[in-house]
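Q: Please read through the structure below; I'll follow up with questions.
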Amino acid sequence: MKIDPWSSSTYQDYARLRDEFGIEEFSENTWRNLPHPHRLLRRGVIFGHRGFQNITESIENKKPWAILTGLMPSGKMHLGHKMVIDEVIYYQSIGADIFIAIADIEAYGTRGFSLSETKELAVQEYIKNYIALGLKPERCHIYFQSKNSYVKDLAFLLGKKINWSQMTATYGFNGSTNMTHIFSPMVQTGDILHVQLKPFGGIRPVLVPVGVDQDPHIRLSRYVAQAYRLYNVIKTKDEKIGVFIKPDDSISELLDNAEKIISALGFQRFKRITEYKALYILDAQEKDISQIDHALAITEPDFKGYGFIQPSATFHRFMTGLTGDKMSSSKPESAIFLTDTPDEARKKIMHAKTGGAISLEEQKKNGGKPDECMIYELLLYHLIEDDDQLHEIYRTCRSGERMCGHCKKETADLMCALLQDIAEKRLHAEDVMDKYLD
């Protein structure tokens with residue numbers, strides 16, 4: 001199974017994706033302690049994660065954490081894109097610092113858009129809608145990749161530990177791939193990791209909410225973050241918690257620092273083996289690894305390291321297009337765009353594919369299939385907040401009590417109201433744009 005961040009492929013077997021790529025399941029146990037969990041979390045739209053426990057620990061302990069997300073300014077913003085910003089706005093409401101990368105370098109390298117074209121699309125199609133949807137300017141930074149020297153410098157410097165074989169294995173690059181395209185994943189790594197630099201808030205957990213097609217970027221950035229660490233905190237084969245020094249110089253100083261920092265956390269029993277570059281913490285348990293690792297990471301810049309904590313990620317299911325295929329900006333009939341008029345949206349919904357039976361009689365007899373219905377997806381992802389109300393729609397569809405025509409009309413009314421509200425708020429976005437853009 002191959003994941004390509006730039007393809008138009010759809011992915012249906014999410015359990016298989018989790019198994020093959022080592023993605024952890026995002027179950028109720030993962031999100032249940034979050035404050036007022038968002039509907040996308042509650043309803044299984046977020047199906048997997050990497051390292052989300054770092055985020056929940058930060059939230060529960062009221063420690064700093066950040067969100068990094070990006071937008072590809074290569075087409076109009078549709079409801080599939082709205083999912084991510086809905087998540088971001090939720091996380092902002094519970095304390096996250098927000099960083100949004102406008103991927104103009106990637107759009108130039110992979111889609112052939114000029115930087116001026118991407119700027120116009122980013123502002124008019126995305127940022128205005130983000131503001132209209134409720135993104136706040138406080139602790140929010142929106143920037144262009146091409147203008148951020150920290151990102152570009154990191155992309156160059158961190159690439160030293162990545163070789164060509166690794167890039168081809170991860171992304172499938174070949175002899176015809178242009179160099180900007182090849183370099184753009186490193187720029188994305190710079191996006192994800194630069195928010196842990198001191199000018200942007202320092203070392204702390206960072207969450208990247210994405211579709212599963214972006215997992216190659218997540219794996220690359222997690223690998224790079226770990227490759228540049230000075231300390232490695234693990235549970236050994238003999239069940240001990242050990243801190244191991246990765247570089248071959250300043251070993252004694254790094255071990256001294258580790259013993260000092262870990263003692264301050266309340267641990268008292270150590271076994272130090274300098275020739276193995278190791279410090280064993282005899283009174284620590286596996287549950288303490290994250291706390292120890294974070295405490296050591298913060299000190300690594302004092303020894304000319306970065307101290308990056310591996311970024312966390314959540315993965316959401318793709319919205320199905322109104323035609324039954326993937327929702328895409330290049331197929332207007334498949335998507336509802338946030339700049340569509342209510343009349344345009346209504347027409348698309350009334351022509352959308354449903355999970356209904358072939359006749360009214362069959363529908364009443366055997367019921368519909370909401371799990372295969374594009375209209376039900378609109379309600380689940382965007383239009384119905386109340387879980388009980390959504391469950392009742394699901395039940396009456398399955399039982400044959402609910403007819404597709406009636407459901408389409410109700411959904412169209414809700415969608416028109418949403419788009420009208422967004423359009424009104426978008427009119428005032430221009431006035432506050434400077435508060436968001438770095």
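No value in this document is a laboratory result; all are computed from the given coordinates. The model shown is predicted, which means the values in this text are computed figures rather than measured ones. All Cβ positions, glycine included, derive from the backbone under ideal geometry; neighbour counts span all protein chains shown.
Q: Could you pull the Rg and Dmax for the stretch 231-303, using just the Cα atoms, both in Å?
A: 11.0, 31
Q: Convert 37 °C to kelvin, take the viscosity as 0.692 mPa s, use the Kirkwood radius over C-alpha pairs of the chain as Rh, and evaluate the Stokes-Einstein diffusion coefficient in µm²/s, rounded to a whole number.
A: Details: Rh = 23.6 Å.
Here the translational diffusion coefficient equals 139 µm²/s.
Q: Looking only at the stretch 231-303, where both bridge partners belong to it, what percent of the DSSP beta bridges are antiparallel (to the nearest 5)?
A: 100
Q: Would you tally the net charge around D386, using a Cβ to Cβ cut-off of less than 15 Å, leaving D386 out, and scoring K and R as +1, D and E as -1? Each step should come with its number before you reach the end.
A: Numbers: positive: R39, R42, R43, R395; negative: E385, D387, D388, E392, E410.
Here the count lands on -1.
Q: Between K369 and Q285, 0.36 nm times their residue separation minus their Cα-Cα distance comes to what?
A: Between K369 and Q285, full extension yields 25.4 nm more.
Q: While we're on this one: Work out, step by step, the length gained on full extension between L360 and N232: first 0.36 nm times the residue separation, then minus their alpha carbon distance; give nm to one decimal.
A: The L360-N232 span can extend by a further 39.8 nm.
Q: Also, quick follow-up: Enumerate the calculated ³J(HN,Hα) couplings along the stretch 299-306 in order (Karplus 6.51 cos²θ - 1.76 cosθ + 1.60, θ = phi - 60°), each rounded to whole Hz, writing x wherever the residue is Gly or Pro.
A: Once θ is set to phi - 60°, the couplings for the stretch 299-306 become 8, 4, x, 5, 10, 6, x, 8 Hz.
Q: Under a Cβ-only charge scheme (Lys and Arg +1, Asp and Glu -1), can you give me the dipole magnitude of the stretch 332-434 about the Cα centre, in debye to the nearest 20?
A: I would put it at about 680 debye.
Q: What is the helix-to-structure angle for 179-194, meaning the angle in degrees between its Cα long axis and the longest Cα principal axis of the chain, kept from 0 to 90 and rounded to the nearest 10?
A: Between helix and principal axis, roughly 70 degrees.
Q: Determine ³J(HN,Hα), in whole Hz, for all residues of the stretch 220-234 in sequence, where each value follows from phi through the Karplus function 6.51 cos²θ - 1.76 cosθ + 1.60 and θ = phi - 60°; x replaces Gly and Pro.
A: Each residue of the stretch 220-234 in turn: 5, 5, 5, 4, 5, 4, 6, 4, 9, 6, 8, 10, 10, 9, 9 Hz.
Q: Also: Roughly what % of Cα-Cα distances in the stretch 332-434 sit above 22 Å, to the whole percent? Before the final figure, lay out the partial values.
A: Values: 1874 of 5253 pairs.
Of the Cα pairs, 36 percent sit more than 22 Å apart.
Q: Given the Cα-Cα distance of D325 and S250 and 0.36 nm per residue of separation, how much length would full extension add, in nm? If you can, show how the numbers build up before the last one.
A: On the way: separation 75, 0.36 × 75 = 27.00 nm, distance 5.62 nm.
This chain segment gains 21.4 nm when fully extended.
Q: For each pair in K348/K409; K82/K347; K235/K277, compute the distance between the two Cα atoms and list the pairs where it is over 23 Å.
A: Beyond 23 Å: nothing from the list.
Q: Here is a follow-up. Taking the mean number of other Cβ atoms within 10 Å as a proxy for protection, how do you rank 132-143, 156-167, 367-378 from highest to lowest?
A: 367-378, 132-143, 156-167
Q: Roughly how many whole Å is it from the C-alpha centroid of the stretch 286-311 to that of the stretch 89-137?
A: One Cα centre to the other: 30 Å.
Q: Given the chain, what percent of its DSSP beta bridges are antiparallel, to the nearest 5?
A: Within the chain, antiparallel bridges account for around 50 percent of the total.
Q: Now for a different question. Taking θ as phi - 60°, what are the ³J(HN,Hα) couplings along the stretch 80-86 by the Karplus curve (6.51, -1.76, 1.60), each to the nearest whole Hz, with x for Gly and Pro?
A: x, 5, 4, 3, 5, 5, 4
Q: Name the aspartates and glutamates eligible as straight-distance cross-link partners of K76: C-alpha to C-alpha under 15 Å, and not fewer than 8 places from it in the same chain.
A: Within reach: D104, E117, E120, E125, E333, D340, E344.
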